[in-house]
Structure formats: C-alpha cells, structure tokens
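Contents: one structure, followed by commentary.
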Amino acid sequence: MNRSPEALPLSIDGLKMSFGDHRVLDGIQLDVEPGEILVLLGPSGCGKTTLLRTVAGLERPVGGTISIGSRCVVGAGTWVAPERRRIGMVFQDWALFPHLSVARNVAYGLARAERGNGRVHEVLDTVGLTEFGGRTPATLSGGQQQRVALARALAPRPSVLLLDEPFSNLDTALRVDLRTEIHRILLELGITAVFVTHDQEEAFVLGDRVAVMHDGHIEQVATPADLYMRPATRWVASFVGTVNLLAGDGLGARADTPIGAIPLTESHRGAIEVLVRPEDLHISDGDQAEVELVEYYGHDVMLLVRLQDGTRLSVRTPPSFMASRGDRVQVNYRGTCTAAFPAST
Ligand code: ATP
C-alpha cells in the first residue's frame, strides 16, 4: 500500500463560526498530529459538521486560524480556496455521481494529467475494489459505495482526510466490518484524519485521541482510555460511557458514599459526585440493594440496582452471573482511585 507521502499536522486556533446570531463554533482549539486519527465526538447539533466544513473551506469562520502543516489556510487576511487546501472529505451520504462509473467517480477529483497514470487503479486497490472500476454506484452495496467515496477522497493524495459520520447510513453489522476495514486502511496510509461521530464506541475504537465537543467548544482532548478513566468535566464523564455519579462526602483522598469509602484521584472536601463505572462495582448476596432490571448483552450483563436510600446504580457483571429482578444483593466498589466533581446544585 502506498503510504501518505506527507502526513501533515492540522492546527486550529480560536476558531469562531456563526450562522446569523447563532454562535456554532465558540473558540475551537485543536491540534491534530501528523498521521493521527483524531475523532470529534459530541451530541447532535454541537457543531461537529460545521467544524469539518470550516476546515475544508466550505464555511467561512468569523475568527480564528486554521493551518495545515506550516501553511495558514484561514486567518486574518488569509483565505485559501477549498480546492487548494489538499483536504479530502468523505460524507455520510457518499455523494457519488450515479451516472459515472466507479473509476470515473474516483478520477473526478484528479488533475487531467493524473487520470491516466494508474492512480485510479492504485486507490481502488487500496480500498479492495480493483474489480469494480467499470460498475456504476447503483450496482454496489452500501459498504462498497462508501469505499468508492473513500478512494475518491484519497486519490489526489490529500494532506488531511476529513470523514463526517461515514458509516451512519449502514446497518450495524456492515458498519462494524467497514469500520475495521477503513481503520486498517487509514493506519496503513498513515494519513492525518479527522473523523466525526456521535457514537462513543466508534470514537473509542477509531481514535488515537478523541476530542469531546459540546455546545460549540472542545471540552477535552485525550486518548480513549484517559477520557474514560479521567474525564475532565462532569459533562464529559456522563457523555462518555455508562456512568454512575454517586453522591458522596469528600474527605480528602477518599469519599464517603452509600456503598462505603471510595478512593479519589484528587483531594475533595464537602458534597461531591463520585464517578463510578458499572464494571467497578461488584455484586454479591446481601440485603443492601434490590435488583430492579436485568439487561443481558451476551458479553456481559447490566443490572440496575436500587439502594435502600433510593440511589440507583448500574452494575456490570459477567454473563455467568445469574440475577433476577427482585433479588436482594450487596454492592461493593472494586475499582481504583476515581474522579469526583463538586455536587451539582
Ligand atoms: P449532527 O451530529 O446532528 O450532524 P453536528 O454536531 O454535526 O450535528 P452541526 O451540523 O455542525 O452539528 O450544526 C450545529 C448547529 O448549527 C445546529 O444548531 C444547526 O442547526 C446549525 N446549523 C448548521 N448548518 C447551518 C446552516 N447552514 N444555517 C443555519 N444553521 C446551521
């Protein structure tokens, strides 16, 4: 496979963008390393697509700078046209031309001189579609069409690849297969990529780092493991993964909670909420809580239990653990030091 000749960093500083009075990007600060897959994760409407479109040059920001490598493409007095930014983009709706063959779709973004030099064949080979050049998009499956869209975006050898929810139109099984395949291709190419999703599992699986976006700003940028175990804010903690925010009393390096003492990563005093992941709770026979709900996932089971004071906790147990609604149980914390946040009022 031909690796990206020049993976470049992408640097965004103080980026602001509004639609009328509505501020959609509110001072975005983001650095993507050369060859890194950075995933933008956030709820619907937080501004992910607008950020990608602004980087691609499809929207004009009202402030801030964007640089690709050492070249400023947006800044005070600077505006580089989209076609001159060397950015490839893959959209959720694939946007293929239905009347053109796969090969001609891929050739579309190439300079005339490059169309006949084997580049189209090369990128179709990269995405595993060598045999499909003569077909029209309508004769391909959804997953194959998305791979054509990827080949088209890669053909001009972009410095940065932007992918906006590229799997959202695919059913679950195909989505997971294609995700693995595209992940492998991006890593082998070593291209700098920014990938947008609102799906936390997708973000964790694909991202070298994940930028969590909320209401027009970036809340935290970190590796998936850091985000999960050390969320910087209460909002990130509750958005990323299933979480219990357990009311407790900060006693310095530990918290007193309804299920006993829990060690904290940072010292806290007074009313706090302690981050407790479901897999850090252990269930045994007892009389402290009642099982209200059992959700069987195959690889594990999620229990919703209710303590005597009314507190509800999600608890992840192995699939072999047999519990039924109404069972009386004991809940113990088995995790390491965890984060806590001042109690919300
Ligand atoms: P989703 O995950 O649903 O695609 P998103 O995080 O990508 O959401 P954006 O599409 O960037 O969010 O939209 C952010 C906000 O900007 C939304 O409130 C949206 O309604 C608004 N918006 C987006 N495009 C326009 C436009 N062309 N004109 C006016 N408002 C817009």
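The values are calculated or read from the model by the stated rules, or taken from the named source; none is laboratory data. Owing to the predicted nature of the structure, the values given are computational and were not obtained by experimental measurement. Cβ sites come from the backbone with ideal geometry, for glycine too, and all protein chains shown count toward neighbours. For accessibility, only protein heavy atoms count, side chains too; no ligands or nucleic acids. Shrake-Rupley method; radii C 1.70, N 1.55, O 1.52, S 1.80 Å.
A few notes on this one:
- Label point of Arg269 set 7 angstrom out along Cα-Cβ; within the stretch 328-345, amide nitrogens under 19 Å from it belong to 340-344.
- In a simple Cβ point-charge model (Lys, Arg +1; Asp, Glu -1; nothing else charged), the stretch 182-332 has a dipole of about 160 debye relative to its Cα centre.
- Between Ala173 and Ser11, the distance separating the two model label sites (each 7 Å from Cα on the Cα→Cβ line) works out to 4.8 nm.
- Between Ser141 and Thr180, the modelled label-to-label distance comes to 1.3 nm, taking each label 7 Å out from Cα in the direction of the beta carbon.
- Prolate/oblate/rounded label for the stretch 136-206 (Cα gyration tensor, a/c 1.5): oblate
- Between the residues Leu186, Leu124, Ile283, the greatest Cα displacement towards the positive end of the dipole of the chain, with unit charges on the Cβ of Lys, Arg, Asp and Glu, is found for Leu124.
- In terms of its C-alpha gyration tensor, the stretch 57-203 has an oblate overall shape, because the principal axis ratio a/c (a ≥ b ≥ c, square roots of the eigenvalues) is not below 1.5 and a/b does not outweigh b/c.
- Were the residues from Ser44 through Tyr297 laid out at 0.36 nm apart, the gain over their Cα-Cα distance would be 88.5 nm.
- Label zone at Asp249, where the point sits 7 Å out along the Cα-to-Cβ direction: the stretch 272-286 residues whose backbone N lies under 20 Å: 272-276
- Ranking Ile218, Ile272 from most to least accessible surface, computed with a 1.4 Å probe over the protein chains only, gives Ile218, Ile272.
- Efficiency of FRET between Ser284 and His217 - r from beta-carbon atoms, R0 45 angstrom, step 0.05: 0.55
- The stretch between Arg23 and Glu201 holds 61.2 nm of extra length on full extension. This uses 0.36 nm per residue minus the Cα-Cα distance.
- Neighbour count of at most 16 Cβ within 10 Å plus DSSP loop: longest trypsin sites (Lys or Arg not before Pro)-free window in the chain: 136-324
- Residues of the chain: accessible area per residue with a 1.4 Å probe, Å²: 46
- The shape of the stretch 208-334 comes out oblate: with a ≥ b ≥ c from the C-alpha gyration tensor, a/c is at least 1.5 while a/b does not beat b/c.
- Within the accessible area of the stretch 90-200 (1.4 Å probe), percent carbon and sulfur: 52
- For the pair His99 and Leu304, label points projected 7 Å from Cα toward Cβ lie 5.4 nm apart.
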